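Participant: Submitted below is the structure of interest, expressed as structure tokens.
Every read-out reported here was derived from the displayed coordinates using simple, explicitly stated rules and does not represent laboratory data. The structure presented is a predicted model; accordingly, all values stated were derived computationally and were not measured. A quick note on method: Cβ atoms are made from the backbone with ideal geometry, for glycine too, and the neighbour counts reach across all protein chains shown.
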Amino acid sequence: MKLREALEIQARLDPSGAPFQVFLAAGFTPLHLVPFLTAHLRLALPARPVRITQGLFGDLAGSIEGLIGKEPASVVVLIEWGDLDPRLGLRGAGAWCPREIASMADSAAISLTRLETALRALGASRLIVCLPQLPLPPIPPNGPWESSPLETRLHAMAAAFADRVCSRGGSVVRAAELDRISPPGQRYNAASDLKTGHPYTLTHVDALAGLLARQLCPPLPKKGLITDLDHTLWSGILGEVGVEHVTWSQEAHSQSHAIYQVFLDSLAASGVLLAAASRNDAFLTEQALARRDLRLDASRLFPVEANWGPKSDSVGRIIRAWNIGADSVVFVDDSPMELAEVKAAHPDVECLLFEPGGDQLWTLLRQMRSLFAKSKIEDEDLLRLESIRQSAQLQSETARSTPEEILRGAEAAIRFSFQPCADSRSFELINKTNQFNLNGVRFSEDEWREKLARPGAFLMTASYEDRFGPLGKIAVALGCVSGERAWVDSWVMSCRAFSRRAEHACLQAMFENLQVSEVTLAFQTTARNGPLREFLSSLGVQPETGNLIVTRKQFEAVCPALYHKWEVAGAWESARSSS
């Protein structure tokens, strides 16, 4: 992005949504960084205005200390060597003689301790720290080809500081990624530093702003990966060489496939769904996947579609079995033709080419790491595959019994909580669920906290399990109570709980535990919330955008039989009395 483009994006008329607010703490003048960061955030959040507040020039720690007690939503801290000791920057050049070197390191250690103390007391919802990106000044006596004791000590202190930031829930800009997109030798603008106090080149500012925007507004991770088998999961064509002669070993010069298997196994361990779609014989495929030397636990692949039909048909069946959106799916194949065929049938699926060469494989692994990136693995992520298998088992039993008989014998139990206590899983569900979503509204962390702090606020969460196994936290509703009415701003439910009448149980729990006679739903039609619209229609409510009222009497008149046993772990009464 060029500066002119950034300024044009920054100057556009702000949308009317709640502003996304960022506090930018830097000891230098962030002259061009503000418009670039604003532009990148506006591209990531087109429906919201962006507000960036700057700290004090020349006083990084003081800027952070001034925020203590204000609970800012998002804070970005940019540290340069000159912030730790002015002598470590060109503008603050002082005594550089060898006898001063030890005092520079000691001064930097004191500055980092002060900064860390301030950050620990800050209480920001999202904290992003960027370690020094610029070279140290050419302080003698060492030559530029040799790392000096001062430099070694400073980098060690910075690394230890970053480790402590991460251990307390903060985030640190990845230096290796910044090096990749902005070579270290092309970052520093000494003339600008001396003249204006802004030390970065424009190309570096753009690269840095892009990384910061991704950390402030990370894209939703993909949920599932479908892989081809021949020449992808293994080397060789199964139907031609046989089960024992497809390879993935260094001895057979096919270690790229072993690395790919290991990577897929790590994705599955992080909660990513895996499946296989292959134009192959089903019996031979089952035998090959049963090989003991496979580096991927084959039980993680579900479903496995091995047949001679079009790949797009297999991919479609897998997506339906997973019951997730096509835009949450990645398909990997070694054939550009197969990728094109799948893309034509499922345009929202991300299609990636597998090439066994080292450089190509490295690029593919980086792409997949980015697409499936998540900063924290929740317990519910690890339940996802098992819940898919449970759904398949449920469908199988439904074919032999009536749906009502299955629900009656499911031994379902739901655990509710109504206390407005924020947790990462609830926030994640609200912001990523699409099909059963009241209005598609997404929240920033500061908006989330504000909603929970309102008088009469409630946050209903529901965790579900039955004889087929646990599904974890499957539903979240956010709202507030006024008199005999509950206002529901957001209500989402995981697709894993569809067809189990959990949505009816949630509404019943709202009536009983919030002690209200009617619930007002802030409904809005979206392109993908058809399941929720069907639910509203089943209650006799016309699903039209606006505030929709469901009375308790109306609900009880049409509610089907509910067989769940349920308990309330956190009652709303205690939350109301404390607000």
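Participant: Given only helices, namely DSSP H runs of n ≥ 4 each adding -39500 (n - 2.57), what is the per-residue ellipticity at 222 nm of the chain, to the nearest 500 deg cm²/dmol?
Facilitator: Numbers: 23 runs with 242 residues, N = 579.
Only helices count here, giving -12500 deg cm²/dmol.
Participant: Projecting each Cα onto the charge dipole of the chain (Lys/Arg +1, Asp/Glu -1 at the beta carbon, about the Cα centre), which of S278, G316, V129 comes out farthest on the positive side?
Facilitator: Toward the positive end, the furthest listed residue is V129.
Participant: Now, a different point. Write out the trypsin sites (Lys or Arg not before Pro) in the range 398-485 meeting two conditions: DSSP loop, and at most 13 other Cβ atoms within 10 Å of their Cβ.
Facilitator: Details: sites: R400, R408, R415, R425, K432, R442, R449, K451, R467, K473, R485; in loops: R442, R467.
For trypsin sites (Lys or Arg not before Pro) across the range 398-485 that sit outside H, G, I, E and B with at most 13 neighbouring Cβ atoms in 10 Å, the list reads R467.
Participant: Hey, another quick one. Count charges around V541 for me, please; just the other residues with Cβ under 15 Å from its Cβ, Lys/Arg as +1, Asp/Glu as -1.
Facilitator: Residues near V541 contribute -2 overall.
Participant: While we're on this one: Can you spot the aspartates and glutamates whose alpha carbon is less than 17 Å from K374's alpha carbon? Ignore those fewer than 8 places along the same chain.
Facilitator: E177, D265, D327, D423, E428, E445
Participant: In the neighborhood of T433, defined by Cβ-to-Cβ distances under 11 Å, what is the net charge if each Lys or Arg adds +1 and each Asp or Glu adds -1? Mind dumping the intermediate values first?
Facilitator: Numbers: positive: K432, R442, R496, R528; negative: E428.
Net charge in that neighbourhood comes out at +3.
Participant: Next question. Holding the Cα-Cα limit at 24 Å, pick out from K343/K473; K2/K343; K222/K565; K223/K376; K432/K473; K376/K473 the pairs that are longer than that. Don't skip to the end; give the middle numbers.
Facilitator: Working: K343/K473 33 Å; K2/K343 32 Å; K222/K565 33 Å; K223/K376 14 Å; K432/K473 14 Å; K376/K473 16 Å.
Violating the 24 Å limit, Cα to Cα: K343/K473; K2/K343; K222/K565.
Participant: Ok, one more. Which net charge results when you count Lys and Arg as +1 and Asp and Glu as -1 among the other residues whose beta-carbon is under 12 Å from that of M104?
Facilitator: Details: positive: R87, R99, R153; negative: D85, E100, D106, E151.
Taking every other residue near M104 into account, the sum is -1.
Participant: Moving on. With a 10 Å Cβ neighbour count serving as the proxy for reagent exposure, in which order, fewest first, do L216, L284 appear? Mind showing how you got there, number by number?
Facilitator: Details: L216 23, L284 16.
So the residues, fewest neighbours to most, are L284, L216.
Participant: Now a separate question. The range 62-100: which trypsin sites (Lys or Arg not before Pro) are DSSP loop and have at most 11 other beta-carbon atoms within 10 angstrom? Walk me through the numbers before you get to the answer.
Facilitator: Details: sites: K70, R87, R91, R99; in loops: K70, R91.
Those that pass, being in a loop and sparsely packed, are K70.
Participant: Most exposed first by the Cβ proxy, i.e. fewest other Cβ within 10 Å, how do R126, R51 rank?
Facilitator: Working: R126 20, R51 13.
So the ranking, lowest neighbour count to highest, is R51, R126.
Participant: Let me ask another. Looking only at GluC sites (Glu not before Pro) in DSSP loops with at most 15 other Cβ atoms within 10 Å, what is the longest site-free stretch of the chain?
Facilitator: Values: sites that count: E146, E251, E411, E484, E544.
After excluding every exposed loop site, the longest remaining stretch is 252-410.
Participant: Take R120 and R415, extend 7 Å from each Cα along the Cα→Cβ direction, and tell me the distance between the two endpoints in nm.
Facilitator: Taking the simple label geometry, R120 and R415 are separated by 3.3 nm.
Participant: Next up: Please give the Cα centre distance for the range 271-344 versus the range 126-198, rounded to the nearest Å.
Facilitator: Answer, in whole Å: 44.
Participant: How compact and how long is the chain, expressed as Rg and Dmax of its alpha-carbon atoms in Å?
Facilitator: Cα only, the chain: 27.7, 86 Å (Rg, Dmax).
Participant: A further question on this structure: Charges at C-beta only: +1 for Lys and Arg, -1 for Asp and Glu. How large is the resulting dipole of the chain about its Cα centre, in Debye rounded to 20?
Facilitator: Numbers: 59 positive and 67 negative charges, 265 e Å.
The calculated dipole for the chain is roughly 1280 debye.
Participant: Please quote Rg/Rh for the range 1-153 to two decimal places, taking the Kirkwood radius as Rh and restricting both calculations to Cα atoms.
Facilitator: Numbers: Rg = 18.2 Å, Rh = 17.3 Å.
In the range 1-153, Rg relative to Rh is 1.05.
Participant: Separate question: For a distance above 26 Å, tell me the whole-number percent of Cα pairs in the range 400-577 that qualify. Show your work: numbers first, answer last.
Facilitator: On the way: 3726 of 15753 pairs.
Here the tail beyond 26 Å accounts for 24 percent of pairs.
Participant: Go ahead and run the numbers for FRET between R454 and S107, Cβ-Cβ distance against an R0 of 56 Å, rounding to 0.05.
Facilitator: Numbers: r = 47 Å, r/R0 = 0.83.
Once rounded, the FRET efficiency stands at 0.75.
Participant: If the cut-off is a Cα-Cα distance under 25 Å, which lysines reach K70, setting aside same-chain residues fewer than 8 apart in sequence?
Facilitator: K451
Participant: Tell me the trypsin sites (Lys or Arg not before Pro) within the range 258-346 that lie in a loop according to DSSP and have at most 11 other beta-carbon atoms within 10 Å. It would help to have the intermediate numbers written out before the result.
Facilitator: Working: sites: R279, R291, R292, R295, R300, K311, R317, R320, K343; in loops: R291, R292, R295.
When the trypsin sites (Lys or Arg not before Pro) of the range 258-346 are filtered for loop state and at most 11 Cβ neighbours within 10 Å, R292 remain.
Participant: Now a separate question. Rg (Å, one decimal) plus Dmax (Å, integer) for the alpha carbons of the range 224-371?
Facilitator: 14.0, 40
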